Amino acid sequence: MSAERIPDDRGTGFIRRQRFRLVRWLRRHVPPGLRGVVGILLVIGGIFGALPVLGFWMLPLGLLVIAIDCREVKRAFRRRLSRILRRPS
């Protein structure tokens, strides 16, 4: 038996396409003010991530929603993500 890796059809390309579709839908259907409010509520919910219904997943999602309209948050996200991806595993 060899340890061949089976190619995953749902790799990073799939995630990028889904993210692009989500952001495009949000830009078309949700007003900027409402996106900001939803983003802030998600961040606040993420702070209480140890509670049963709320989770820590809400924090990065809220920041991503805010980043759609705020360039500073988007830049900070890109810098942090590039540092994480450059880090040797």
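The values are calculated or read from the model by the stated rules, or taken from the named source; none is laboratory data. Remember, predicted model here, so these are calculated numbers, not experimental data. Cβ: placed from backbone, ideal geometry, glycine included. Neighbour counts: every protein chain shown.
Observations on the model:
- Scanning the stretch 23-42 for residues that are of a type outside the set (A, V, I, L, M, F, W, C), in contact with a Gly (Cβ under 8 Å, 6 or more places away or on another chain) and either loosely packed, with under 13 Cβ neighbours inside 10 Å or free of Cβ contacts under 8 Å to residues at least 24 places away in the same chain (or both) yields a count of 0.
- Close pairs from the stretch 69-81: first of a type in the set (Asp, Glu), partner surrounded by 15 or more Cβ atoms within 10 Å (Cβ to Cβ) and part of a helix (DSSP H, G or I), Cβ under 7 Å, at least 6 apart: Asp69/Arg35; Asp69/Gly36
- Among the residues making up the stretch 55-75, those that are more than 13 Å from the chain's Cα centre (by Cα), closer than 24 Å to Pro32 by Cα and surrounded by 12 or more Cβ atoms within 10 Å (Cβ to Cβ) are Asp69, Cys70.
- Condition check for Arg75: in a helix (DSSP H, G or I), out of contact with any Phe, Trp or Tyr (no Cβ under 9 Å at 6 or more places or on another chain), modelled with pLDDT of 85 or more and within 17 Å of Val23 (Cβ to Cβ): yes
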